[in-house]
Amino acid sequence: MNLIVLIILLAACALFFVLEWRGVRTTLALEFKGDIKRESRWLAQYGQSVCTPVAALLVGTMDPAARLKPFMLIAAVLSTSIACMLVKRALGRVRPGREQAGRFLGPNWRHANYRESFPSSHSACAVALSFVLANLYPSGAATFWGLAIICALLRYLLDAHWPSDVVGGSALGYAIAWGVMTIFPK
């Protein structure tokens, strides 16, 4: 893990929190239409519940030395997803464009999408998936990280999250994926 990357992500998250708290306009309210809308929604699912098992299946079938690699991928993304869900439910941040947008409403252990903004689990899981894939297959790192960055940016551009949600989720996914990779034998 590159500790500098994690520190930069956490600092950016804190900066965005301050800007959002001070009332600086950080949402865009863009509307995508047609093919752009469909393609962007597809890219925003990188690291989610269909993409991750497909990536694990591809690793398992195409890499002759795969052994535990598919399980490492799934463990990193699943652990990240669970951590995000727990933080979301504990903090209860309201998504952009909703009544009380940006406010932290506190714990609620029942699913309520409007108040599950921080952290962005899409961004976190995309970063976790890319972290593992980039470490296992360095020659594809630029592609994996490109997909994670596109996913995270789209979560913001589609008005699903505040900037701090996206950056905070990215930091969480990065740290958890590193932790999972340290558990698995090389």
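The values are calculated or read from the model by the stated rules, or taken from the named source; none is laboratory data. Just so it is clear, the structure is predicted and the values come from calculations on it, not from any experiment. Backbone-built Cβ (ideal geometry, glycine too); neighbour counts: all protein chains shown. Areas reflect the complete protein model, heavy atoms only, side chains present, ligands, DNA and RNA absent. Shrake-Rupley method; radii C 1.70, N 1.55, O 1.52, S 1.80 Å.
Less than 5 angstrom separates the built amide H of Arg93 from those of Leu105, Ser117, Phe118, all sequence-distant by 5 or more or on a different chain.
Listed values for segment 140-157 are Karplus-derived 3J(HN,Hα) couplings in whole Hz (6.51 cos²θ - 1.76 cosθ + 1.60, θ = phi - 60°), namely x, 4, 4, 5, 4, 5, x, 5, 5, 5, 4, 4, 4, 4, 5, 4, 6, 5, and x replaces Gly and Pro. Peptides 146-157, 121-132, 41-52 ordered by packing proxy, namely the average of other Cβ atoms within 10 Å per residue, highest first: 121-132, 146-157, 41-52. Overall, the accessible surface of the chain at a probe of 1.4 angstrom is composed of carbon and sulfur to the extent of 68 percent.
Solvent-accessible area per residue for segment 82-159 at a 1.4 Å probe radius, Å²?
Values: 3590 Å² over 78 residues.
Computed with neighbouring chains in place, this is 46 Å² per residue.
Using Cα-Cα distances under 8 Å and only pairs 6 or more residues apart, what relative contact order does the chain have, in percent?
30 percent
Looking at the chain, identify the longest residue range that excludes and avoids all GluC sites (Glu not before Pro) in DSSP loops having at most 11 other Cβ atoms within 10 Å. Present the calculation step by step, with values, prior to reporting the outcome.
Numbers: sites that count: Glu31, Glu99.
Of all site-free stretches, the longest is 100-186.
In plain terms, the C-alpha convex hull of segment 88-186 casts an average shadow of 6.7 nm² when viewed from every direction.
About the Cα centre of the chain, how large is the charge dipole given +1 on each Lys and Arg Cβ and -1 on each Asp and Glu Cβ? Please answer in debye to the nearest 20.
Working: 18 positive and 9 negative charges, 74 e Å.
The dipole magnitude comes to about 360 debye.
Gln45: net charge of surrounding residues, Cβ under 13 Å, Lys/Arg +1, Asp/Glu -1, itself excluded?
Values: positive: Arg38, Arg41, Arg155; negative: Glu39.
Computed value for this residue: +2.
Given C-alpha coordinates of the chain, what is the ratio Rg to Rh with the Kirkwood estimate of Rh? Don't skip to the answer; put the middle values down first.
Values: Rg = 16.5 Å, Rh = 16.8 Å.
Checking Rg against Rh, the ratio lands at 0.98.
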